[in-house]
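The values are calculated or read from the model by the stated rules, or taken from the named source; none is laboratory data. None of the values given here were measured: they were computed from a predicted structure. FYI the Cβ positions are ideal-geometry reconstructions off the backbone, even for glycines, and counts take in every protein chain you see.
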Amino acid sequence: MDTALTLTTDMKLVLGLVGFTMAMFLFERIRADVVALVVLVLLGLSGLVSPDEIFNGFSSNAVMSIIATMILGAGLDRTGALNRLAAWLLRRAHGVESRLMLLTGAVAGLNSSIMQNPSVMALYLPVASRLSSRTGLPLPRLLLPIAIAIVMGGTLTMVGNSPLILLNDLLLSANSNLPSGVATLEPLKMFAPLPIGLALLAAALAYFHFFGDRLLHEENGKGATPARTQSYFANAYGIEGDVYELTVTADSPLVGMSLGEAETLHGAPLILALKTKDDSRLSPPADARIWVGSVLGAMGSKQEVIDFAQNQMLRPSSRLRNFGDLFNPSRAGISEAVIPATSKFIGKTARDLQMRRSMGLSLLAINRDKKVMREDARDVSLRAGDMLVLHSIWTELADAAKGKDLVVVTDYPKGEQRPHKLKIALGIFAVALLLALSSRLPVSIALMTGVAGMLIAGVIHIDEAYSAINWKTVFLMACLIPLGWAMDSSGAAAWVAGHSISQLPGGTPNWLLQLVLGLLTTLFSLVISHVGATIVMVPLAVNLALAAGGDPTAFALITALSASNNFMTASNPVISMITGPAGYTGKELWRVGGPLSLIYTGIAVLMVNLLF
């Protein structure tokens, strides 16, 4: 590598654009995606990138892969897979905080290996809220370990985070500017960074397992939305317990009785669902008849439900074989709604309104002037200001709210949920991953195959797919990719690398250069985001490796890994998503994330050198 390259006008322009980008990102006067678009336009106007190539970033494999992972993640979310996962985590943890944090972090990290980190964090926020409400564990003690595990887990595969998705494109583009005689750089395979990611994820889990109590504060933070937590409804309304299935036997006195009559029996739990023959209904009407073989979906304490089952000769089961999809939290749940002064419901009872038959809403309780009415709530005349506690399918609640006779105050999923598509979605996702493992197909095509499969199977609709794409991320990446090309093709990266090597003492080991490169990339990521740091630093890393006689792929991989090594500031999109809900301060993030960032750099350099 020639360390005496002349600094040309093109190099000066490229380095000037890099400085401009860093300054604009640092002061945040203009949105990052707008800055990236300005940089793209300047690259085109200056001729640093040819007009035929200036917009190629939008069609790059990296950008298409990111779009595909966003849509695939949204498809899995529509099936309620994460809610089922939360229930499984609770059962396995047995209420032990250390075990819960370890399990949740490990599973979240594994999830992030096949989905974009911000998408995984968005899915785990409600999971963490539910875990917090069910265990009493403060949300701040859960969110940061989960977020960091997600960032670490993103290094398990080449599609887990944006820097690694970008890396292969940047390696291939570097081939056109390699000196003669240098071997062509090959793209890394899907699971090439797996050993590195496993070491990083294990380090994060161990870090919080052994030091979490000292690092994370005990305050409750902002926590979950109260109206969606079981503890809230238990404390406010006495509505608690799990859902059980009660099968009606031939000897049961309920045979031939209407649901409304069964609800009035002494010790009856809340009856929220009814299955007769092949018809399963949530919020069944009061005049629905109960027959031999009918299945009731009853909510209450375990002892209450068992006593009722024994008295009425019913066969109880805590496993939801018939109502699993109906009671999936992503599809249905408990909510609160206020009766406004203009409501047509005023002066009428729930029985008069036939709320279950006409709206699909089960009235569980009424809160009036701080007095909770549960007994015979369906026969109470409603007044303005009454707070109704309802159980329903979310889509039916949304339909009822459109009439303006109810004002729903609970945050609930507004989109249609499709838990019955879970197995189909998982199968399609598995096929996409298997295709991605094939060296014959680019990862972007493999993942887009999964997107097409989910659209055809109805797991997600095309409008929902468009909504799932974070266009800010897409534009940021697509507009900055040509800046990386210009860094390489103009010789600016080679000039910086050559002069950096010339300033170092002779015989400086490559591992020390890699450590400095990793820390420098981390600092860049604090200023210009992980995408910007990758695009600017990977060409520099390749040329630095050539100048030092090292492996360009190893240097570039360390750079891409280090671009995500930001646990201290909100410039990391995953960390920015949790600072508000958990109430973390900047000082706390630096106290927890600073040491972990140094550990990350050390492990990344060590593991890359062992592998390469």
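Starting from residues that are surrounded by 24 or more Cβ atoms within 10 Å (Cβ to Cβ) and hydroxyl-bearing (Ser, Thr, Tyr), keep the ones in segment 538-587 and report whichever is nearest to residue 598 (Cα to Cα).
So the residue we want is 562.
Which of the residues that make up segment 419-429 are basic (Lys, Arg) and touching a residue at least 40 places away in the same chain (Cβ under 8 Å)?
Once the filter is applied, which keeps residues that are basic (Lys, Arg) and touching a residue at least 40 places away in the same chain (Cβ under 8 Å), segment 419-429 yields only 421.
Where residues in segment 27-50 are over 16 Å from residue 15 (Cα atoms) and assigned to a loop (DSSP other than H, G, I, E, B), which of them is farthest from the chain's Cα centre (by Cα)?
50
Give just the number: which of (1) touching a Phe, Trp or Tyr at 6+ places or on another chain (Cβ under 8 Å); (2) not polar (S, T, N, Q); (3) not in a helix (DSSP H, G or I) does residue 575 not satisfy?
Here residue 575 meets the rest and fails (3).
Criterion first (of a type in the set (A, V, I, L, M), within 22 Å of the chain's Cα centre (by Cα) and within 30 Å of residue 132 (Cα to Cα)) does residue 574 satisfy it?
Spelling it out, residue 574 is indeed of a type in the set (A, V, I, L, M), within 22 Å of the chain's Cα centre (by Cα) and within 30 Å of residue 132 (Cα to Cα).
Would you pick out the residues in segment 242-298 that are over 12 Å from residue 326 (Cα atoms) and among the β-branched types (Val, Ile, Thr)?
Answer for segment 242-298, where residues must be over 12 Å from residue 326 (Cα atoms) and among the β-branched types (Val, Ile, Thr): 247, 248, 249, 255, 264, 271, 276, 290, 292, 295.
Regarding residue 604, is this residue on the phi < 0 side of the Ramachandran plot, modelled with pLDDT under 90 and among the small types (Gly, Ala, Ser)?
no
Just to verify a result, which residue in segment 518-535, among those that are buried (at least 24 other Cβ atoms within 10 Å of the Cβ) and among the aliphatic types (A, V, I, L, M), is modelled with the lowest pLDDT?
Step by step, filter segment 518-535, then rank; the result is 528.
Does residue 61 satisfy the condition of being at pLDDT 80 or above, out of contact with any helix residue (DSSP H, G or I) (no Cβ under 8 Å at 6 or more places or on another chain) and surrounded by fewer than 20 Cβ atoms within 10 Å (Cβ to Cβ)?
no
Of all residues in segment 21-78, which are touching a residue at least 12 places away in the same chain (Cβ under 8 Å) and among the polar types (S, T, N, Q)?
Matches in segment 21-78: 21, 46, 56, 60, 61, 65, 69.
Would you be able to tell me the number of residues in segment 1-20 that are surrounded by fewer than 17 Cβ atoms within 10 Å (Cβ to Cβ), within 35 Å of the chain's Cα centre (by Cα) and in contact (Cβ under 8 Å) with a residue 12 or more places away in the chain?
Going through segment 1-20 one residue at a time, the tally reaches 1.
List the pairs whose first member sits in segment 331-348 and is closer than 15 Å to residue 410 by Cα, whose second member is assigned to a strand (DSSP E or B) and not hydrophobic (A, V, I, L, M, F, W, C), and whose Cβ atoms are under 6 Å apart, counting only residues at least 6 apart or on separate chains?
Sorted first by the residue in segment 331-348, then by its partner, the pairs are 334/391.
Just one of the numbered conditions (1) farther than 29 Å from residue 157 by Cβ; (2) at pLDDT 90 or above; (3) surrounded by 17 or more Cβ atoms within 10 Å (Cβ to Cβ) is not true of residue 41; which one?
Looking at each condition in turn, residue 41 falls short on (3).
Just to check your reading of the model, which residue among 446, 432, 384 is of a type in the set (Gly, Ala, Ser), farther than 27 Å from residue 274 by Cβ and in contact (Cβ under 8 Å) with a residue 60 or more places away in the chain?
Being of a type in the set (Gly, Ala, Ser), farther than 27 Å from residue 274 by Cβ and in contact (Cβ under 8 Å) with a residue 60 or more places away in the chain holds for just one of 446, 432, 384, which is 432.
Checking residue 80 against (1) in contact with a Pro (Cβ under 7 Å, 6 or more places away or on another chain); (2) at pLDDT 75 or above: exactly one of these is not met. Which one?
Against the list (1) in contact with a Pro (Cβ under 7 Å, 6 or more places away or on another chain); (2) at pLDDT 75 or above, residue 80 comes up short only on (2).
Scan the helices (runs of 4 or more DSSP H) fully inside segment 101-181 and keep the ones with 1 or more residues being in contact with a helix residue (DSSP H, G or I) (Cβ under 9 Å, 6 or more places away or on another chain) and within 30 Å of residue 494 (Cα to Cα).
Passing ranges, in order: 162-174.
Taking the stated definitions as given, is residue 553 within 30 Å of residue 180 (Cα to Cα), assigned to a helix (DSSP H, G or I) and hydroxyl-bearing (Ser, Thr, Tyr)?
Yes: the conditions hold for residue 553.
Among the residues of segment 161-170, is any over 30 Å from residue 312 (Cα atoms), over 22 Å from the mean Cα position of the chain (by Cα) and at pLDDT 90 or above?
yes
Name the single residue, out of those in segment 369-383 being modelled with pLDDT of 85 or more and under 19 Å from residue 341 (Cα atoms), that is surrounded by the most Cβ atoms within 10 Å (Cβ to Cβ).
Of everything passing the filter in segment 369-383, 382 is surrounded by the most Cβ atoms within 10 Å (Cβ to Cβ).
I'm trying to understand the selection: among the residues of segment 236-259, which are out of contact with any Ser or Thr (no Cβ under 7 Å at 6 or more places or on another chain), among the small types (Gly, Ala, Ser) and at pLDDT below 85?
Once the filter is applied, which keeps residues that are out of contact with any Ser or Thr (no Cβ under 7 Å at 6 or more places or on another chain), among the small types (Gly, Ala, Ser) and at pLDDT below 85, segment 236-259 yields 236, 238.
Of all residues being among the hydroxyl-bearing types (Ser, Thr, Tyr) and modelled with pLDDT under 70 in segment 114-152, which is surrounded by the fewest Cβ atoms within 10 Å (Cβ to Cβ)? Just the residue, please.
The residue in question is 135.
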